[in-house]
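The values are calculated or read from the model by the stated rules, or taken from the named source; none is laboratory data. All figures in this text were calculated on a predicted structure; none of them were measured in a lab. Backbone-built Cβ (ideal geometry, glycine too); neighbour counts: all protein chains shown. Surface areas here come from the heavy atoms of the whole protein model, side chains and all, with no ligands, DNA or RNA. Shrake-Rupley method; radii C 1.70, N 1.55, O 1.52, S 1.80 Å.
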Amino acid sequence: LCFRHGRRGTLDLENGNSSQKNQQTTGTPGGFSITNQDCTTKVLLAFGKEDFQSDAFWLACEKLGYECNLARTRDSVLEAFQTKSHEIVIIDTRNPKVIDGESLCRALRALKTSQYTVVVGVVRKGTSEKEDSSIEPMLNMGFNRVIMETSGLVQCMNELLQLYLSDVQPRLQLATAQAMHIALDKCSDVVHITDQNLNIQYMNRSSERFLGFSMKDVAGKSLLETNSVDNKELMVQQLQRGREWEGLISWRRKMGDSVVLSGRVIPVCSPGRSPTHYIFIHESQHMMLDKRMSGTLVKNPELPKGSNNRKGSADMKSISSDGLRRQSIAKLHNLSIEAPITKVIALITSVQDNANIEDIQTLDKVVDILRTTELYSPQLKDDKGKAGDPVTNDLIGALLSSGPSVTPIARRSSSDSGSVSKIGLSRSTFKTANMSHQMKELLDTSLLWDFDIFRLEELSVKRPLVYLGMNLMDHFDVCSSLGCEENVLHNWLVVIEENYNAKNTYHTSTHAADVMQATAGFLERERLKQILDPLDEAVCLIAAAAHDVDHPGKSSAFLCNSNHELSILYNDLCVLESHHSALAFKLTISDDRVNIFKSLERDVYKAVRQNVIDMILATEMTKHFEHLAKFVNVFSIKKEDDSPDTDEEKANNLPVVMPLFDRATCSIPKSQIGFMDFIINDMFETWEAFIEMPELLQNMQHNYKFWKEKEKCGIHRIQDVIMMQHTVKTSGKTD
């Protein structure tokens with residue numbers, strides 16, 4: 001073969017003329033013309049080095065007008081395939097030392113986009129002559145075909161043509177059929193497909209939902225056996241001639257009633273052939289519902305005067321309001337847009353047509369509930385906890401009250417907090433050489449669930465976030481994920497920690513470090529490792545470190561009631577959480593010395609920023625039950641709590657959010673027990689079932705038992721707890 005290796009053109013072997021790719025008709029050494037079957041067919045050649053075989057396939061692709069790409073390494077092959085999704089991939093398996101074809105085939109098959117791709121393996125000529133030359137192992141690896149090496153252009157063209165006609169085309173048709181199948185299942189029309197004898201072969205989900213029968217119930221049965229058609233003989237005669245039929249069919253539903261639908265039947269047949277299948281398509285369910293709704297209040301002439309179509313009786317007020325509601329729903333269905341909740345309400349309303357009066361009233365209540373905007377808003381059940389327990393009611397009510405639970409449309413940075421310039425920043429890499437032996441020993445246990453965060457607070461002189469943060473972020477290789485230098489990450493942790501309020505009793509940098517350590521423990525679990533990539537892990541640790549930055553030590557409810565500037569800035573919506581996330585990004589991007597995101601591409605940064613914001617906003621306590629409810633369905637939850645200062649509320653004549661949590665009379669054990677009963681228990685059980693971390697429940701049960709015992713011992717006030725801790729510390733005992 002004589003052609004240039006630059007791959008920009010070839011020489012026509014018959015005519016000696018140069019030809020370009022995508023040529024529709026080309027000459028061949030045999031003297032015949034080949035018309036391109038599909039100019040969009042894409043072929044990927046995976047050859048570790050250039051030789052006669054790769055050259056022959058390349059030239060054959062150009063002769064047939066196929067688009068051809070050549071990749072030399074495993075990574076470049078996978079990258080090229082994910083970019084273009086080639087229909088044919090030809091892999092050189094002759095020399096595993098140059099490129100491991102078998103491993104590459106398995107990697108390709110692991111990609112979701114390779115489902116309909118034809119993968120071909122090239123083997124040496126002598127392979128077929130060996131006794132153990134079965135191609136079964138290669139087929140089991142994912143190869144669709146195995147061919148022997150050849151330098152002949154015509155042979156390569158013939159192989160490609162056979163691949164296209166016998167493998168690629170059927171797969172493309174299968175992919176199209178699969179897409180059509182999904183479309184049929186998603187559409188709202190009632191669709192059945194039968195064979196030439198009108199035996200049901202397929203029914204879509206709309207049919208199953210509307211008629212009540214599953215595919216198993218009707219498979220192979222005659223469609224006309226239980227459903228009736230006016231002038232059935234005429235319909236059958238017309239269909240057998242290959243003509244469409246339109247008319248009414250009375251469909252029997254599983255609940256026993258029948259519904260008449262208007263539709264059409266389309267015969268499927270090749271030109272000049274008899275039909276092999278028939279497709280029954282009927283008006284969409286929503287159109288049918290509109291008609292049924294509009295006719296709901298029409299009197300049945302067979303019923304006594306004064307009665308309506310429903311079983312039982314109802315007063316005129318309920319009939320009037322029901323009619324108005326149904327008219328409104330019917331109008332909604334005529335709009336070009338539709339919300340899922342509208343579909344749900346419409347389906348419930350349709351069920352009411354055949355329900356008794358008790359069920360109708362129950363379904364009315366269901367519709368009223370669905371009409372509210374707070375479907376996930378928590379409501380304390382009557383059977384939860386001890387009846388009449390004011391501490392429990394006070395706790396839950398206060399924790400969940402911080403104003404409207406509407407997600408803010410715009411998030412602005414606050415302008416009242418610290419700046420980077422006030423803080424001394426490091427210009428050298430963070431080192432562990434200056435750490436004490438005790439510090440190093442403690443940080444070696446940083447991924448254990450029983451890590452002693454208070455010991456770290458003591459050893460670090462209340463700078464646990466920097467030390468633990470560098471330790472954990474080094475373990476998860478955050479610098480590599482973000483593309484930032486280690487000293488920049490260290491500076492960022494310093495700045496974030498400096499902006500935590502050390503005077504707070506709870507929301508300090510120690511709390512942030514504690515949350516980050518727990519997050520790291522979760523990230524180490526196999527379940528999350530299967531879901532998250534390194535950048536996801538980095539985002540989780542960053543959000544944990546910054547999630548309470550500059551917390552004022554007051555609840556959002558307190559800030560709203562006192563007209564605090566933060567509540568005004570954020571319109572009383574997610575006040576604290578919006579402040580934490582806004583300030584975290586303000587501090588980060590204000591100085592390149594701390595900007596851990598500066599090396600990220602714009603789109604990546606936007607995704608990282610959104611994820612950090614979402615995680616921090618998810619720590620708002622009023623969202624707890626919403627996230628827990630959603631997690632049960634889609635596995636997603638975050639949690640955080642808040643403790644308002646009741647003394648300052650009283651001093652400023654503000655509404656006391658938790659009156660029974662007065663410092664002078666509050667029962668600490670009861671507050672902890674109630675918090676576990678109503679907030680922690682359900683969340684931890686759900687989270688543990690997902691992440692498989694039994695120590696979560698073990699520690700929770702231990703803490704629950706601890707506070708139960710303290711309640712029995714009469715320890716209630718904060719002073720009692722402080723005294724108890726002092727006694728334990730001086731005696732050297734621990735619990």
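A crude spin-label estimate for the pair N158 and E283, with each label 7 Å from Cα along the Cβ direction, gives 6.0 nm. Shape of the stretch 437-619 from its Cα gyration tensor (a ≥ b ≥ c, root eigenvalues): rounded if a/c is under 1.5, otherwise prolate when a/b > b/c, or oblate? Oblate is the answer for the stretch 437-619, as a/c is 1.5 or above yet b/c matches or exceeds a/b.
Structural descriptor for the stretch 472-604: relative contact order 35 percent, calculated from alpha carbon pairs under 8 angstrom and at least 6 residues apart.
In order along the stretch 200-213, the phi-based Karplus estimate (6.51 cos²θ - 1.76 cosθ + 1.60, θ = phi - 60°) of 3J(HN,Hα) comes to 5, 10, 7, 9, 7, 5, 4, 5, 4, 5, 6, 8, x, 8 Hz; Gly and Pro are listed as x. On the basis of the beta-carbon distance and an R0 of 41 Å, Q82 and V259 show a calculated FRET efficiency of 0.25. Assuming R0 = 45 Å, can you tell me the calculated FRET efficiency for the pair K112 and M723, based on Cβ-Cβ distance, to the nearest 0.05? Efficiency, from the Cβ-Cβ distance: 0.15. Inter-label distance, E711 to M180: 6.6 nm, where each label sits 7 Å from its Cα along the C-beta direction.
Please go through the residue pairs K440/K623; K440/K462; K42/K529; K63/K125; K42/K606; K221/K365 and name each one whose alpha carbons sit more than 28 Å apart in this structure.
K440/K623; K42/K529; K42/K606; K221/K365
Maximal additional length on extending the S214-N699 stretch stands at 169.9 nm, based on 0.36 nm per residue less the C-alpha distance. First select every other residue whose beta carbon is under 10 angstrom from the beta carbon of N199; then total the charges, Lys and Arg +1, Asp and Glu -1. Computed value for this residue: -1.
Rounded to the nearest whole Hz, the Karplus-based 3J(HN,Hα) values (6.51 cos²θ - 1.76 cosθ + 1.60, θ = phi - 60°) of the stretch 185-198 follow the sequence 5, 8, 6, 8, 5, 8, 10, 10, 10, 10, 7, 5, 9, 6, with x at glycine and proline. Extending 7 Å from the Cα toward the beta-carbon at both F631 and S562 defines two label points whose distance is 3.1 nm.
Computed packing ranks the peptides 275-283, 95-103, 545-553 as 545-553, 275-283, 95-103, most packed first, by mean other Cβ atoms within 10 Å. With N counted as the residues of the stretch 42-182, its alpha-carbon radius of gyration over 2.2 N^0.38 Å works out to 1.01. Can you give the accessible area of V488, probe radius 1.4 Å, in Å² rounded to 10? For V488, the solvent-accessible surface is approximately 10 Å². Residues in the stretch 60-73 carry Karplus couplings, in order, of 4, 5, 5, 5, 8, x, 7, 6, 10, 10, 10, 10, 9, 10 Hz; the curve used is 6.51 cos²θ - 1.76 cosθ + 1.60 with θ = phi - 60°, and Gly or Pro positions show x. Here W492 sits with roughly 10 square angstrom of accessible surface, probe radius 1.4 Å. A Förster radius of 51 Å, combined with the Cβ-Cβ distance separating N356 from V236, puts the computed FRET efficiency at roughly 0.80.
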